[in-house]
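Reviewing the structure listed below.
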Amino acid sequence: EGLVEATRLTREFTGYAGDDLIAFRSKVQATADVMDKEFVDVLKTADSLMQNFKIDGETAMNIINQGFAAGGDLNGDMLDKIQRLAPAFKNAGMSAEQLVALITQTRSGIFTDQGLDAIAMGTSRIRQFSDNMKKALQGIGIDVNQMQAKLRDGSMTTFDAIKQVSAQLKTLPDNAQEVGEVMTAVFGRQGKFASQ
């Protein structure tokens with residue numbers, strides 16, 4: 001019964017059939033069994049990577065397994081984070097591998113969960129490029145016209161823009177008014193974590 005249901009769900013999520021369906025279902029089941037996760041959670045995560053980053057199921061499962069192997073599930077929420085952050089990180093111009101690598105680095109203190117959320121928030125806001133954000137970025141010495149042109153022509157990804165903003169913030173005193181304005185305009189409430 002469980003096998004029939006797993007096969008049905010796999011077909012529903014991926015559209016796979018025949019040998020491809022059985023092979024993919026088996027990979028998902030193996031990961032779920034070894035990592036003590038629900039089959040459907042692993043399947044949803046693989047599907048999220050496949051849909052957002054336009055990769056095949058085998059590649060998605062390899063990336064998920066690499067995340068587990070690197071200790072990315074230390075808090076038991078790696079699959080949830082991947083599903084939640086995949087759209088924003090894809091929009092930032094990052095790959096599925098980069099997303100999972102950043103998630104695995106939260107355990108070592110390189111990034112925090114709040115930092116990941118700040119990247120997701122910054123991605124959304126930079127894509128909108130409000131007048132308030134333009135003014136805040138100009139206040140810390142960023143050429144917003146050049147940044148917008150590069151984002152438009154594809155020579156800069158949204159994540160590159162976030163890195164540029166973060167690098168510029170690090171050159172200013174933490175208590176500078178301009179820093180607070182950028183943190184609010186670009187990174188929202190999570191702004192204080194953006195420079196990490």
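The values are calculated or read from the model by the stated rules, or taken from the named source; none is laboratory data. It should be emphasised that the depicted structure is a prediction, and the values quoted were computed from it without experimental measurement. For neighbour counting, all protein chains shown are included, and Cβ atoms are generated from backbone atoms with ideal geometry for every residue, glycine included. Remember, those area values only see protein heavy atoms, side chains included, never the ligands or the DNA or RNA. Shrake-Rupley method; radii C 1.70, N 1.55, O 1.52, S 1.80 Å.
Numbers for the structure displayed
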read-out	value
Carbon/sulfur fraction of accessible area - the chain, other protein chains in place, 1.4 Å, %	46
Backbone HN-Hα couplings from phi across the stretch 165-173 [Karplus 6.51/-1.76/1.60, Hz, Gly and Pro as x]	4, 4, 4, 5, 4, 5, 7, 10, x
Evaluated at q = 0.20 Å⁻¹: base-10 log I(q)/I(0), Debye formula over Cα of the stretch 1-95	-0.95
Per-selection Rg to Rh, the chain - Cα, Kirkwood hydrodynamic radius	1.07
Mean projected area in nm² (Cα convex hull; one quarter of hull surface) for the stretch 49-150	7.3
Rounded to 10°, Cα long-axis angle of helix 18-35 versus longest principal axis of the chain	70
Given Lys37/Lys81; Lys81/Lys135; Lys90/Lys135, the pairs whose alpha carbons are separated by over 23 Å	Lys81/Lys135; Lys90/Lys135
Mean ellipticity per residue at 222 nm, deg cm²/dmol - from DSSP H runs of n ≥ 4 across the chain, formula -39500 (n - 2.57)	-23000 deg cm²/dmol
Gain on full stretching of the segment that runs from Arg8 to Asp56 - 0.36 nm per residue minus C-alpha separation	15.4 nm
Value of relative contact order over the stretch 134-194, rounded to a whole percent, pairs C-alpha under 8 Å and six or more apart	33
Whole-Hz couplings from phi, Karplus 6.51/-1.76/1.60, listed for the stretch 6-16; x for Gly and Pro	4, 5, 4, 4, 4, 4, 4, 6, 9, x, 5
Degrees, to the nearest 10: 39-53 long Cα axis against longest axis of the chain	50
Per-residue SASA entry for Arg11, accessible area with 1.4 Å probe, Å² rounded to 10	120
Estimated dipole of the chain in Debye, rounded to 20 [Cβ of Lys and Arg +1, of Asp and Glu -1, Cα centre]	740
Length-normalised contact order of the chain in % [C-alpha pairs under 8 Å, at least 6 apart]	17
Farthest positive-ward along the chain dipole, Cα basis, beta-carbon charges - from Phe89, Leu21, Ala46	Phe89
Rounded to the nearest 10 Å², the accessible area of Thr157 at probe 1.4 Å	50
